[in-house]
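Let me begin by presenting the structure, written as structure tokens, before commenting on it.
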């Protein structure tokens, strides 16, 4: 079985796909965004795609629900399972140069609740994965991001402070492209 999903290896989607690998012939193909994956879906007949129900595009109003309905006649749902996400952390940069947050759209509820609780009007911007959000946060010296805890732990910047931690359960859908 060949599973197409979001990458790189540090993403929750890749970790969920790894949990489905049963033999040495099985393989995972990682994409930089689900939008890129969907763009290639017509060429994946006979292969599998894995989506979290929290999938939401950073580029347009399109998510798991739209995918499920849009491709209903080209996909077959073969497995639905639950799995906790990797622990995530909301990180604040104490010496930010921009009052902006960069996050993956699926994590919006966490950041919005936090910002409302402290009455912080930080501008929220979006990208295709938590890993890309982390990269932009560091490179652009932004104020907030939400990243997988294991990726954050590799960073030793004393200006970065963990404000909150999350570990929700996610529902995953494995489809076969027909």
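The values are calculated or read from the model by the stated rules, or taken from the named source; none is laboratory data. Predicted model only: the values in this text are computed from it and were never measured. So basically every Cβ, Gly included, is an ideal-geometry build from the backbone, and we count neighbours across all protein chains shown.
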Selection count, segment 123-157, where residues are over 22 Å from residue 168 (Cβ atoms) and more than 16 Å from the chain's Cα centre (by Cα): 11
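For (1) in contact (Cβ under 8 Å) with a residue 40 or more places away in the chain; (2) farther than 28 Å from residue 44 by Cβ; (3) in a loop (DSSP other than H, G, I, E, B), each residue gets a yes or a no:
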| residue | (1), (2), (3) |
| --- | --- |
| 86 | yes, no, yes |
| 90 | yes, yes, no |
| 115 | no, yes, no |
| 124 | no, yes, no |
| 156 | no, yes, yes |
| 170 | yes, no, no |
In segment 58-74, the residues that are surrounded by fewer than 18 Cβ atoms within 10 Å (Cβ to Cβ), part of a loop (DSSP other than H, G, I, E, B) and either in contact with a helix residue (DSSP H, G or I) (Cβ under 9 Å, 6 or more places away or on another chain) or in the same structural domain as residue 132 (by TED's automatic domain parsing) (or both): 59, 60, 62, 71, 74
Residue that is surrounded by the most Cβ atoms within 10 Å (Cβ to Cβ), among those in segment 28-39 that are over 14 Å from the mean Cα position of the chain (by Cα) and assigned to a helix (DSSP H, G or I): 38
Residue list for segment 122-160, restricted to those being exposed (fewer than 15 other Cβ atoms within 10 Å of the Cβ), under 16 Å from residue 101 (Cβ atoms) and modelled with pLDDT under 95: 159
Criterion: in a strand (DSSP E or B) and outside the structural domain of residue 150 (by TED's automatic domain parsing) - qualifying residue of 79, 25, 42: 79
Evaluation of residue 102 against (1) touching a helix residue (DSSP H, G or I) at 6+ places or on another chain (Cβ under 8 Å); (2) in contact (Cβ under 8 Å) with a residue 40 or more places away in the chain; (3) not in a loop (DSSP other than H, G, I, E, B); (4) not assigned by TED's automatic domain parsing to the domain that holds residue 160 (one fails), failing number: (4)
